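Heads up: the structure comes next, in structure tokens.
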Amino acid sequence: MTERWEEQLEQALHAAHPETTPSAGWEPRARAAMTQVRPARPRRLIAVTALTLMGLVGLSFVPIPLGRVSGSLDRALAAMEQLTTRHVVSWHITPEGTEERESWYSADGFFREETRLDGILTEVRVADGPRVKQWAYLDGDHTRATVWESFSPMRWRDPTFISSDLGAEYEKYRRACEYMLTNMVTEERRQYRAWSGAVDVVALEATVKEPGTLWGVFSLAPRGDRVRLVAEVEAASNRLLSLKEYCFRDGWQLVSEEYDEWDVQIPEELHEFSAPEGAELLPGGDWWESRVTQIVAQDETPDWRVVIQGVDVNENGDVFLSLLLERKPDRAPHSGGPPLVEAYDSAGVTYEQERSRWGAEVSGKGFGYWVTRLYRDPQATARASAITFTIFPYPGEEGAGESVTLTVPLPERQEGDDLPAR
Amino acid sequence: MTEAGVCGSHTGHDDGVALAAALRRRDPGADSELCTRYGRSLHRYLSGSLGGAHELAEDLVVQTFAEAVRCIGSYRPQRATFAGWLFGIARRLVRLERRRQERRKSVPASAQVSLEGLAESSSPHDLATSITESVAAKAQLARLRASLSERELEVLVLHYVYEFSVQEIGSVIGRSGRAVESLLHRAKTKARERLTQDD
């Protein structure tokens, strides 16, 4: 039974909170307010998630130094001989925008590369062995696409081109260090990370001596810029994990990044190739297919084997010389540089080498295929039956004086001007 | 006690959970259901807490519902009934509003005496009785205010007017059930002493 004091209490409390009737407009107002509001994530969940993430990220970013090491990149290159597939995701800044690339390599000769500019797919290359199919947009509006098929002598020669491809990068890296960079400081240290185990970090810092292209980026770095390259190699497997490039512009800026995965399953659908609708089919691309097995003439220097694999003459008498330059096995691997060629024919007419267009392919495994054009003096009318070439396989600083001289018959002239592009 | 006491209808605890789930999913009609079930009781509570400032109470009802929708992801049925959780939001808004008023140095709404509810009386006799009762009740209330702390009075209001359980009061004022139990016991003892003394 309720006591009197309790009745009084209830009355007093009810008087403090009398029944009320809100005005007619409150409910639409409340509904409108509820419609406009966006549900928030529970703060506790956010806090726990943030703390967990911070903890995990913090752990992964606090490497434990394990001391100095050396030769990590050489070991990474050697380890690639044993690998079956490679998957690379990379991006770098170009004058047109940010270019992203995703590539898959397989030891059986399969290769696929997709290129995106600011997120739009602009180019696809698919290779199965030495034959490469490719499409690309030729304009910024992505309306005009071309598609063509070509033959790559590199893949004919080296079907396990996983390693040769990275070898080419490595070679470019080495050459860039040699010719484009100065005041170089290299540091190679081993670290232990919670997630990835022991990792060798190779950090190179240098000043740009000659602007050029190193992994496609340093063309952006003007002379005198300070640049930094950082490669990471998994210590246990010697597998390359990542490559990063930085330029110093008001502080270090990341301008290129590449992440590598090895021995991954390549999805079946990536073998398919289809060009955009209405893509224009380009002829040609089979230049090397008919020449790569030919030996027209060959000779050696102390360091190089030089093979003429084709001599072609256009309707004006200009000569296209197809060459294989191969470093001797007992010499350090080196694919050389674009060869220097001097030539005169049996009619006494001299030829001038085109320097701007080399049409070359380079490998890091000690050989390279090159096509170079030699212009015949347009005033000369006398026909010749033979031509003599003096070929300098590596006209750079090292072995600059080495050359071979070979005389071969001049074939019949062919219709057209730019024969390799025909 | 279930939420029936608060809502004035037989809506069980599970219905509150179902409504919370519907709000979380942004089901059509969930907003209207929320208004229908809790609009009047919240308005009464807010109005009473603000000393009869009906318009301000309306604004805070709107804000309470908007805040409820915004924070619906954090509602845990195992820790509070939906009504308790909702009144907790309203209570926080009242406290914020009071702080705001203090900063503005305005006359607090609680200092005003409201007789608006009396207008609903149907006859002169009823009106006279209501006025008498109301005046007597307000006099009792004034005495209680002198003896009880604000927290003790608040617990009594939630218990006697809105019929919240000890656990529900805990979720409204942010205290454990045992703390509320102790608070309620102390408040009742003080109220009895004061009211029996007056008699």
Checklist entry - Only one residue in A:88, A:48, A:37, A:62 is assigned by TED's automatic domain parsing to the domain that holds residue A:109 and either under 30 Å from residue A:270 (Cβ atoms) or modelled with pLDDT under 80 (or both). Which one? => result A:88
Checklist entry - Cβ-Cβ below 6 Å, separation at least six or inter-chain, first residue in the stretch B:16-39 and touching a residue at least 40 places away in the same chain (Cβ under 8 Å), second among the hydroxyl-bearing types (Ser, Thr, Tyr) and in a loop (DSSP other than H, G, I, E, B): which pairs? => result B:16/B:81; B:20/B:75
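Residue by residue, here is whether (1) charged (D, E, K, R); (2) farther than 22 Å from residue B:83 by Cβ holds:
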position: B:156; (1), (2): no, no
position: B:168; (1), (2): yes, no
position: B:178; (1), (2): yes, no
position: B:183; (1), (2): no, no
position: B:187; (1), (2): no, no
position: B:191; (1), (2): no, yes
Next on the checklist: As an exercise: evaluate residue A:322 against (1) of a type in the set (Gly, Ala, Ser); (2) in contact (Cβ under 8 Å) with a residue 60 or more places away in the chain; (3) assigned by TED's automatic domain parsing to the domain that holds residue A:355 and give the number of the one condition it does not meet.
Outcome noted: (2)
Checklist entry - Can you tell me which of A:102, A:81, A:96 is at pLDDT below 75, surrounded by fewer than 17 Cβ atoms within 10 Å (Cβ to Cβ), in contact with a strand residue (DSSP E or B) (Cβ under 8 Å, 6 or more places away or on another chain) and more than 14 Å from every other protein chain (Cβ to nearest Cβ)? => result A:96
Checklist outcome for this item: From the option list B:67, B:33, B:55, B:102, single residue qualifying as closer than 22 Å to residue A:39 by Cα and surrounded by fewer than 17 Cβ atoms within 10 Å (Cβ to Cβ) is B:33
Item to check | Of residues in the stretch B:158-199 being within 17 Å of the chain's Cα centre (by Cα) and part of a loop (DSSP other than H, G, I, E, B), the one surrounded by the most Cβ atoms within 10 Å (Cβ to Cβ) | outcome: B:164
Checklist entry - In this structure, does residue B:38 turn out to be modelled with pLDDT of 90 or more and not assigned by TED's automatic domain parsing to the domain that holds residue B:174? => result yes
Next on the checklist: Taking the condition of being surrounded by 14 or more Cβ atoms within 10 Å (Cβ to Cβ) and at pLDDT below 90, how many residues in the stretch A:347-370 meet it?
Outcome noted: 14
Checklist outcome for this item: Taking the stretch A:274-305 and keeping only residues that are under 28 Å from the mean Cα position of the chain (by Cα) and crowded, with 17+ Cβ neighbours inside 10 Å, one is left with A:275, A:279, A:285, A:287, A:288, A:291, A:292, A:304
Item to check | Candidate set from the stretch A:239-271 (those that are part of a loop (DSSP other than H, G, I, E, B) and touching a residue at least 24 places away in the same chain (Cβ under 8 Å)); member that is surrounded by the most Cβ atoms within 10 Å (Cβ to Cβ) | outcome: A:266
Next on the checklist: Restricting to the stretch B:15-30, name every residue that is more than 10 Å from every other protein chain (Cβ to nearest Cβ) and either hydroxyl-bearing (Ser, Thr, Tyr) or crowded, with 18+ Cβ neighbours inside 10 Å (or both).
Outcome noted: B:15, B:16, B:19, B:20
Next on the checklist: Can you tell me which of (1) more than 17 Å from residue A:32 (Cβ to Cβ); (2) more than 14 Å from the chain's Cα centre (by Cα); (3) at pLDDT 90 or above is the one residue B:45 doesn't meet?
Outcome noted: (2)
Next on the checklist: Anything in the stretch A:227-238 that is within 19 Å of residue A:82 (Cα to Cα), out of contact with any Ser or Thr (no Cβ under 7 Å at 6 or more places or on another chain) and touching a residue at least 40 places away in the same chain (Cβ under 8 Å)? List them, or say none.
Outcome noted: A:235, A:237, A:238
Checklist entry - Within the stretch B:161-168, is even one residue at pLDDT 85 or above, within 10 Å of another protein chain (Cβ to nearest Cβ) and under 22 Å from residue B:44 (Cβ atoms)? => result yes
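The values are calculated or read from the model by the stated rules, or taken from the named source; none is laboratory data. The structure displayed is predicted, hence computed values, not measured ones. Please note: Cβ atoms are built from the backbone with ideal geometry, for glycine as well, and neighbour counts cover all protein chains shown.
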